[in-house]
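For reference, the structure I am asking about is given below.
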Amino acid sequence: MKTIAVLTDFSERAENAANYAYRIAQSLRTNIILYDSFLVPSASPLAAQIAWPLEDYDRSYKGSENELEIFAGKLRREFSKDEQAEFKPIITCECHEGDLSPDLGELLANKDLVLLVMANHDKSIASLLLSDHVRELLDRTPLPLLIVRDLHHFKKIKHIAFATDLCITDIDILQSLASFAKFTDAQITLVHIGPQNSDDADVENFMTSVSGNIDYPYIYYRKMVSTHIMEEITGLDENNTYDLLVMVHRHKGFWEELFNQSDTQKMATQISLPLLVYPFPTQSLPVF
């Protein structure tokens, strides 16, 4: 059965992200894996200088396993009161030794996975996307990554903003996103930010491809005239119009180029929307 993996460190933010993921799983009718990666002292750079006991791994594994079960139990109790729920996701736990990003292979061996979910740990969207941890995670995962903003509480996803540069490869991503949106009949707005003199033919060609390839009736287009991309993106949630922001992670240098523009870093201070990031390129995109 299709499954969502929640990457957790047992913090309050991670607990909130797990609650958010549970609601998403109810909508998509998927199960949940709570995932933790742990390090043992003998895995550190100084390990070769110290004779660590062989019990270190078992102790660390058991500790992670126990924390996960406590975490899962709390999540189950939280939603056991929801008697009207049509679907209740099954929650399982997994833990593996190592840093999370390099060791994703252990988790991704599960072919049923369609989405990764994690909490953010920084107020700035600029800092978030440029952080080594998130960038490495995005570079290594073939799956979309949903980043739940600081203690953002779930509300039904009815309006999605997809920030696109009208690249033709975004059609496949939009196809996947439409399969996500259909569970709540959410409206997808294609937000294109560019200068006044941008080519209208690009828009027409892109929207023709959308209508010819994607069977979803609630896709709309919105042009925003600006050269300050992140200023406009961070303003998308000002009027509580959208419930989810979607972006594409194309390559390692993309975010650096984006945030090196004149005043975008100082403008990118706080965005409250959950952020769904699709990796590109990837061998396949999930159908939810």
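Name all residues of the stretch 169-193 having a backbone nitrogen under 18 Å from the label point set 7 Å from the Cα of LYS155 along its Cα→Cβ direction, giving them as ranges.
Taking a point 7 Å out along Cα→Cβ of LYS155, the residues of the stretch 169-193 whose backbone N falls under 18 Å are 184-189.
For SER37, SER179, give me the order by solvent-accessible area with a 1.4 Å probe, most accessible first, ignoring ligands, DNA and RNA.
Largest accessible area first, the residues go SER37, SER179.
Once amide H atoms are built 1.01 Å from N in the peptide plane, which residues 5 or more positions from VAL246, or in another chain, come under 5 Å H to H?
ALA161, PHE162, ALA163, LEU276
Can you flag which of LYS2/LYS223; LYS158/LYS223; LYS111/LYS223; LYS62/LYS158; LYS88/LYS223 are past 30 Å Cα-Cα? Could the numbers behind the result be given before it?
Values: LYS2/LYS223 35 Å; LYS158/LYS223 20 Å; LYS111/LYS223 37 Å; LYS62/LYS158 41 Å; LYS88/LYS223 39 Å.
Exceeds cut-off: LYS2/LYS223; LYS111/LYS223; LYS62/LYS158; LYS88/LYS223.
A further question follows. Arrange the residues HIS159, HIS153, HIS249 by how much accessible surface each exposes, largest first, with a 1.4 angstrom probe.
Result, largest first: HIS153, HIS159, HIS249.
If you count only protein heavy atoms and use a 1.4 Å probe, how large is the accessible surface of ASP202, to the nearest 10 Å²?
80 Å²
Can you give me the solvent accessible area of MET207 with a 1.4 Å probe, rounded to the nearest 10 Å²?
Counting only protein heavy atoms, the figure is 50 Å².
Give me the accessible area of ARG76, 1.4 Å probe, in Å² rounded to the nearest 10.
100 Å²
Give the carbon-plus-sulfur fraction of the accessible surface of the stretch 136-180 in %, rounded to a whole number; probe 1.4 Å, heavy atoms of protein chains only.
Numbers: 900 of 1670 Å².
Carbon and sulfur: 54 percent of the exposed surface of the stretch 136-180.
The values are calculated or read from the model by the stated rules, or taken from the named source; none is laboratory data. Here the structure is a predicted model, which means the values were calculated and not measured. Every residue, glycine among them, receives a Cβ derived from its backbone with ideal geometry; neighbour counts consider all protein chains shown. These accessible areas exclude ligands, DNA and RNA; they are computed on the full protein's heavy atoms, side chains included. Shrake-Rupley method; radii C 1.70, N 1.55, O 1.52, S 1.80 Å.
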